[in-house]
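Okay, so here's the structure we're looking at.
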Amino acid sequence: MQWTDRIRQVKILLVVMAIIIAVVSLLVSHFLVDDLSAEERKKMEVWAQALHSLNEADESTDLSLVLSVMEGNSTIPVIVLDKDGHVADYRNIKIKAADAADTIAFVERMGQRMKAADRYIKIQIGDSTDYQLVCYDDSVMLKRLAAWPYVQLGIVLIFVVVAIFALLSSKRAEQNKVWVGLSKETAHQLGTPISSLMAWTEMLKENYPNDELLPEMDKDVKRLERIAERFSKIGSVPEPVDTSMKEVLQHVIEYMSHRTSQRVQIVSKMPQDDVVIKINASLFEWVIENLCKNAVDAMEGEGTIEILLWQTDNRVVIEVSDTGKGIRKKDIKNVFTPGFTTKKRGWGLGLSLAKRIVEEYHHGHIFVKWSELGKGTTFRIEMPQ
């Protein structure tokens, strides 16, 4: 749980850092764009004044400075409209190929949009009521600068997503190594005492052939041998074979019925026809046993476990339901997380191993279909047909 909490803290830190970088970048860019926009407005006021001087020029007027100011604008798009809205002049307007056939109409529409956005300067012509509107837009550089923070925000978000993904992948790989190593070491450690128990059982059979307890002891020893075999298969890809799912479930029901309280009732509903699917029977029995054992713990030794099996055209579905205490909604997303448990005693590995067996080894899907506090829980397994 400490590792999970640390991962969560790192993810929160990365998201907070990304938000801070984005906010600071947007604020700085906003102020910078505002300053440059005001500067371009001043330039356009000077340009408009130069145009006014050009319109009012006479034979004695020195036009060199006026023309220098007007020719100096090579970045800011400008459209000059008369009082009737027609184009009198334009500069730095990029004409698209699709609009080249009617350039004036295109420029006129653009000028009207600038006017509607209140981006114009009005200049009078002589002493009459005639006037012109110097409409302008942001320069390409200013537009790029305004868009840059959003590009930067996208880059930061991509970095955060990649960092979190790498963190989770590292966590998952480390967990896999731990669980595989633990499983194989457990199988190795169980091997020697199980071999000894098998030998002692055979000796007891020879000396006490009529003892009624020996068959039960033999079953338990074989059970231990099967558990060790299951642990040894964790980390390696099991070979699936055609298996009767009904037989798998019946084995689990028979096993659990002899090892749970008489107050726990296990009922099953299965189709009459056999359901055959490619699985590793030993590992899949382990999955159903884990679900049933969790159900018994959730019911505190009293209640009903219902196991349903049916098949459709493309999948086989198994549901294990109990009448236990249920799972809190905030915990449902964590029930398959290694190390997560709500029990006072437990490692929190059963459901994580069940998920690994179903999804990684058999390419199925296991999830909590329904759960309600005080009423029970239903786990659902969907396997490809």
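If the condition is being under 30 Å from the mean Cα position of the chain (by Cα) and either farther than 29 Å from Gln385 by Cα or open to solvent by 20 Å² or more (accessible area, probe 1.4 Å) (or both), then region 286-297 contributes Trp286, Asn290, Asn294. Inspect region 375-383 for any residue being under 19 Å from Phe284 (Cα atoms), part of a strand (DSSP E or B), open to solvent by 30 Å² or more (accessible area, probe 1.4 Å) and polar (S, T, N, Q) and give the result as yes or no. No, region 375-383 contains no residue that is under 19 Å from Phe284 (Cα atoms), part of a strand (DSSP E or B), open to solvent by 30 Å² or more (accessible area, probe 1.4 Å) and polar (S, T, N, Q). Taken together, Lys278, Lys222 contain a single residue that is within 21 Å of Arg380 (Cα to Cα) and among the charged types (D, E, K, R), which is Lys278.
Answer with yes or no whether Leu27 is under 23 Å from Val140 (Cα atoms), open to solvent by 70 Å² or more (accessible area, probe 1.4 Å), under 60 Å from the mean Cα position of the chain (by Cα) and free of Cβ contacts under 8 Å to residues at least 60 places away in the same chain. For Leu27, the condition - under 23 Å from Val140 (Cα atoms), open to solvent by 70 Å² or more (accessible area, probe 1.4 Å), under 60 Å from the mean Cα position of the chain (by Cα) and free of Cβ contacts under 8 Å to residues at least 60 places away in the same chain - is met. The listed residues are Glu239, Glu247, Glu300, and the only one of them that is open to solvent by 80 Å² or more (accessible area, probe 1.4 Å), on the phi > 0 side of the Ramachandran plot and charged (D, E, K, R) turns out to be Glu300.
To keep it simple, each residue is scored yes or no on (1) surrounded by 13 or more Cβ atoms within 10 Å (Cβ to Cβ); (2) touching a Leu at 6+ places or on another chain (Cβ under 7 Å); (3) modelled with pLDDT under 80.
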| residue | (1), (2), (3) |
| --- | --- |
| Lys143 | no, no, no |
| Val162 | no, no, no |
| Leu167 | yes, no, yes |
| Ala173 | no, no, yes |
| Gly181 | no, no, yes |
| Thr186 | yes, no, yes |
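Scanning for something more than 21 Å from Glu382 (Cβ to Cβ), out of contact with any strand residue (DSSP E or B) (no Cβ under 7 Å at 6 or more places or on another chain) and either surrounded by fewer than 16 Cβ atoms within 10 Å (Cβ to Cβ) or modelled with pLDDT under 90 (or both), does region 307-327 turn up at least one residue? The answer is no, given that none of the residues of region 307-327 is more than 21 Å from Glu382 (Cβ to Cβ), out of contact with any strand residue (DSSP E or B) (no Cβ under 7 Å at 6 or more places or on another chain) and either surrounded by fewer than 16 Cβ atoms within 10 Å (Cβ to Cβ) or modelled with pLDDT under 90 (or both).
The values are calculated or read from the model by the stated rules, or taken from the named source; none is laboratory data. Note that this is a predicted model, so its numbers are computed, not measured. With ideal geometry, Cβ positions are generated from the backbone for all residues, glycine too; neighbour counts draw on all protein chains shown. These area figures cover heavy atoms from the full protein model, side chains too; ligands, DNA and RNA do not enter into them. Shrake-Rupley method; radii C 1.70, N 1.55, O 1.52, S 1.80 Å.
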